[in-house]
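Everything on this sheet refers to the single structure shown next.
The values are calculated or read from the model by the stated rules, or taken from the named source; none is laboratory data. Note that this is a predicted model, so its numbers are computed, not measured. Here the Cβ positions follow ideal geometry from the backbone for every residue, glycine too, while neighbour counts run over all protein chains shown.
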């Protein structure tokens, strides 16, 4: 029985119509996981012990999707002029709009349905940062860009303020050449991190990372960790990346800053933030990753470590 095939051009046409700016394909085959295993072995994943689970599926997507032939990778930009933290407290720009997990999953499911109308035998699963899929590695294999020194995925045109998603399917396609690295000798991201969380060998030490401490860390944030007024996530290394400084500006409506987020930041600065404000802001938002008590604790930590900011 011959293998089912779908051209990358056909997938791109439908993907771009849904608002994606990048689309590529790579053969579903086992990955070299040595760097990842070394990262967790050195405890750079901090308290994120869940990253030690399902490594067999991370290494081989066929253990996640048994009939997998192709991993289609997609990205959509959230690099917009209006997404700026202008007040005292800051939230990472990826969390200012609607929850990217839901937005992109909806788009990918629509894409699968469109393909199935023309190819009834097309079987697929969609993934958006919610399963043991090494999405940055797959995106690089698909020719969409490379993994930068700060471990973020970078595209030459759209920079690194992009969301990734995957469709793993039973069809073969036109496979791209793996992207080359274009960071060169630039170390701006490394030098910009206030806690030196970005190590020279393209490794993030989560124990020193602002994003980790304001989202994943369920305990108290060490007093030695500079937050630079970030109360959820961090954009510092992204803002200093040369590829983001010249990245194409887009207007993706779903990722525009929501008024509920603006209200939350304003009330936090006025010291009048209430749980009802947080509940409104976290609805349909990536902010739902944390609880109100954690956000209040992050704000207090910002206030406590002002002396660490030069």
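General remarks:
- Per this entry, residue 107 is not counted among residues that are in a helix (DSSP H, G or I) and touching a strand residue (DSSP E or B) at 6+ places or on another chain (Cβ under 6 Å).
- Residues satisfying the stated conditions in region 86-104, i.e. in contact with a strand residue (DSSP E or B) (Cβ under 7 Å, 6 or more places away or on another chain) and within 29 Å of residue 170 (Cβ to Cβ): 100, 104
- Count of region 294-310 residues, restricted to those that are buried (at least 18 other Cβ atoms within 10 Å of the Cβ) and at pLDDT below 95, is 1.
- With respect to being loosely packed, with under 14 Cβ neighbours inside 10 Å and over 22 Å from residue 162 (Cα atoms), residue 207 falls outside the description.
- Within the set 16, 37, the sole residue that is outside any strand (DSSP E or B), within 30 Å of residue 214 (Cβ to Cβ) and free of Cβ contacts under 8 Å to residues at least 60 places away in the same chain turns out to be 37.
- Restricting attention to region 194-229, the residues that are modelled with pLDDT of 95 or more, within 17 Å of the chain's Cα centre (by Cα) and not in a loop (DSSP other than H, G, I, E, B) total 10.
- Just so you know, in region 43-77 the residues that are part of a loop (DSSP other than H, G, I, E, B) and either assigned by TED's automatic domain parsing to the domain that holds residue 286 or without any contact (Cβ under 8 Å) to a residue 40 or more places away in the chain (or both) include one that is surrounded by the fewest Cβ atoms within 10 Å (Cβ to Cβ), and it is 66.
- Residue in region 46-67 that is modelled with pLDDT of 95 or more, within 26 Å of residue 233 (Cβ to Cβ) and in contact with a strand residue (DSSP E or B) (Cβ under 6 Å, 6 or more places away or on another chain) present: no
- Residues that are buried (at least 16 other Cβ atoms within 10 Å of the Cβ), under 20 Å from the mean Cα position of the chain (by Cα) and assigned to a loop (DSSP other than H, G, I, E, B) within region 175-193 comprise 179, 183, 193, listed in sequence order.
- Top-ranked residue in region 282-293 [being touching a strand residue (DSSP E or B) at 6+ places or on another chain (Cβ under 9 Å) and under 19 Å from residue 255 (Cβ atoms); ranked as surrounded by the most Cβ atoms within 10 Å (Cβ to Cβ)]: 287
- Flag for residue 271 being farther than 20 Å from residue 94 by Cα and surrounded by fewer than 19 Cβ atoms within 10 Å (Cβ to Cβ): yes
- Residue, nearest to residue 149 (Cα to Cα), within region 230-256, restricted to residues that are surrounded by fewer than 17 Cβ atoms within 10 Å (Cβ to Cβ) and over 16 Å from the mean Cα position of the chain (by Cα): 242
- Which listed residue, of 34, 3, is touching a strand residue (DSSP E or B) at 6+ places or on another chain (Cβ under 6 Å) and surrounded by fewer than 13 Cβ atoms within 10 Å (Cβ to Cβ): 3
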